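Below you'll find the structure, written out as C-alpha cells, and then a few comments.
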Amino acid sequence: MNDKDRTSKLWGGRFHEATDSFVQRFTASVEFDRRLALHDIAGSLAHAGMLARAGVLDKEELRSIQDGLQQVRGKIESGEFNWSVELEDVHMNIEARLTELIGVAGRKLHTGRSRNDQVATDLRLYLREAIDVIAGELTGLQSGLVELAAEQADTIMPGFTHLQSAQPISFGHHLLAWNEMLERDHGRLQDCRGRLNESPLGAAALAGTTYPIDRAHTAGALGFSKPAENSLDAVSDRDFVIEFCSFGAVLLTHLSRMSEELVLWTSSQFNFVELPDRFCTGSSIMPQKKNPDVPELVRGKAGRVNGNLMAVLTLMKSQPLAYNRDNQEDKEALFDTVDTVLDCLRAFAGMAPAITPNKEVMRQAAGRGFSTATDLADYLVRLGVPFRDAHEVAGKAVAHAIETDTELAQLSLETLQGWCAQIREDVYEVLTVEGSVAARDHIGGTSPAQVRAAAQRARALLAAR
C-alpha cells in the first residue's frame, strides 16, 4: 500500500493503513447528513468571510472559495453532486469537491474550525429553518380550526368525561380546546428556537482556536443571536435536538388525541362528523367502509415521534464532555421527527377545516345521558337551596328519569316540585341543551357568544405572529 492510499482521507496523515471497508460503511453518515449540505455551505461562506477579515485568507483566496462553494451548491441543488461514502460525511464531501475545483485555497477553508463545531452549526441552521416552516404549518392548522370554531359556535354536542355524556357544549368550544393545545405547542416551538439560536462556530474541536477569529462576526452573518459562550458545551450540546423532539412528542400527542376523537366521531356508533372522502380510504373486501385512515395514521405516528425523543435522550445520557462520535446518531431521529411533524400538520391542516358536523345527531346526543342535571342543581342554588341539597335533588330527578325511561326536560313540573317545592316553570329553560350551553356565558365558557369572542381573540393572536 502506498502513502497516497493510506492518507487519501482528509484526516489520514497519522494513519498507516486504510480503513476497513466495513468500518468505512459503519462510520459513514453521508447517506443521511447530506440533508445538511446547503447549511454546511452557508456556514463555510460565513467562516471564509471571517477568515479573510482576520487576514488568514487573502481576497483572491476568499473569492475563489466563494465561487467554488457556489458551484458545489449548484451541483447539489440540481442533484448532480456525486456523494462518496469514502469521504464519510457531508462536510468532507463538500470540502473535497471544493478543493478539486479551486486547489490549495480549498484546503485553507478549514482553518480555525473543526467538524465538531461545523456539524453543531449546520444542525442548528437546519433546525432553525425547519422550525420556521413548522411554525407556519402549525399556524395554518390553527387558523383553519379557529374559523371552523366560529362557524360552529351554535352547534351543540355532548361534552364528555370518562367518555360518558357530562354536559352539553358548543362544537366550536371543543374545536377551540384543540386550538389551545396547539397554541401551547407553538410557544414550546418558539422557546426551542430561541435557545438553539447561538453559534457554535469557532469553538473548533473543543477548546477554541489560536487563530484571530471573530466569532461574533460569523454568528451575525448566519443570523444567530450570539456566539455560544463555552467551547466545550458548544460542540457537545444537543439540548436543542432533545427539546425539539420533545416538542414533536407533545404536538403528536395532541394530534393523536384529536385523531382519536375523529375516529370515534366518524364511526356509525357516534356519527357526529363527516370527513372528506379525500382523507379516507375504503376496504378491499367490505364495499361500505369509509375508513378514517389519516387520523389513524397520525395517531400511530405519535409512537414513532415518542420513540425518537427516547432515542436522543438515551443517546446523550452518559456522554462525557466534549464531542463523542455517538452524536452522529442524533440526526436520523431529528430528521425523522421533522418530517413526521410536517407531514402530520399538513394532513391535519387540509382535513380539519373540512370537517362537517352532523348537527342534529350531535344535538340529540347532547340531550341524552341527563347532561343538564348540573344545570338543575345550579338552578336550585340560585333559589337559595344549599349546593349539596340541590345536588341530591338533581340526583333523585335523574334516578326517576332512568326508572321511567325519560329525559329530565320531559319530567312534569309536579314531579319536580315533589323533590323541591320552590321549582317553577322557568326550570325548563335550563333543562334544555340550548339553555344549558347559553348559560355558561363567561370567559372560557361554552356559550355561543363566548365561543365567537374566543375565536376572535385567537384570530388576533394568530395574525400577530
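Some values worked out for this structure:
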item: Tail fraction, Cα-Cα pairs, the range 383-465, threshold 21 Å, whole percent; result: 46
item: Under-5 Å amide H pairs with LEU57, H placed in peptide plane, nonlocal only; result: ALA52
item: Peptides ranked, highest mean first, by Cβ atoms within 10 Å: ranges 234-245, 114-125, 58-69; result: 114-125, 234-245, 58-69
item: Over the chain, relative contact order from alpha-carbon pairs under 8 Å, at least 6 apart, %; result: 17
item: CD proxy at 222 nm, helix term only [per DSSP H run n ≥ 4: -39500 (n - 2.57); per residue of the chain; nearest 500]; result: -20000 deg cm²/dmol
item: Mean Kyte hydropathy of 0.0 or more with a Cα span along the axis of at least 27 Å, helices from DSSP in the chain; result: 115-151, 239-266, 293-316, 330-351
item: Cα shape, the range 108-250, gyration tensor, a/c 1.5 rule; result: prolate
item: Radius of gyration and Dmax over the Cα atoms of the range 289-371, both given in Å; result: 20.5, 63
item: Among (i) 25.0; (ii) 27.8; (iii) 30.5, the entry derived from the coordinates for mean projected area of the Cα convex hull in nm²; result: (iii)
item: Net lengthening on full extension, LEU297/HIS400 (0.36 nm per residue, minus Cα-Cα); result: 32.7 nm
item: Under-5 Å amide H pairs with THR281, H placed in peptide plane, nonlocal only; result: ASN291, ASP293
item: Principal axis dimensions, largest first and in whole angstrom, of the range 126-184 by Cα; result: 46, 26, 12
item: With DNA, RNA and ligands ignored, accessible area of ASP233 (1.4 Å probe; Å², nearest 10); result: 80
item: Lysine pairs within the chain, Cα separation less than 19 Å, 8 or more sequence positions apart or different chains; result: 4
item: For the chain: accessible area per residue (Å², 1.4 Å); result: 48
item: Radius 13 Å from Cβ of MET362, net charge of other residues (Lys, Arg +1; Asp, Glu -1); result: -2
item: Gyration tensor verdict on the range 54-101 (Cα atoms; rounded if a/c is under 1.5, prolate if a/b is larger than b/c, oblate otherwise); result: oblate
item: Rounded percent of accessible protein surface that carbon and sulfur make up, the chain, 1.4 Å probe; result: 51
item: Summed side-chain charge close to ASN230 - residues other than ASN230 whose Cβ falls under 15 Å, Lys, Arg +1, Asp, Glu -1; result: -2
item: Reciprocal of mean inverse Cα separation for the range 198-337 (Kirkwood radius, Å); result: 18.5
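The values are calculated or read from the model by the stated rules, or taken from the named source; none is laboratory data. Just so we're clear, the structure is a prediction, and the values are computed from it rather than from any experiment. Every residue, glycine among them, receives a Cβ derived from its backbone with ideal geometry; neighbour counts consider all protein chains shown. Heavy atoms of the whole protein, side chains included, go into the accessibility calculation; ligands, DNA and RNA do not. Shrake-Rupley method; radii C 1.70, N 1.55, O 1.52, S 1.80 Å.
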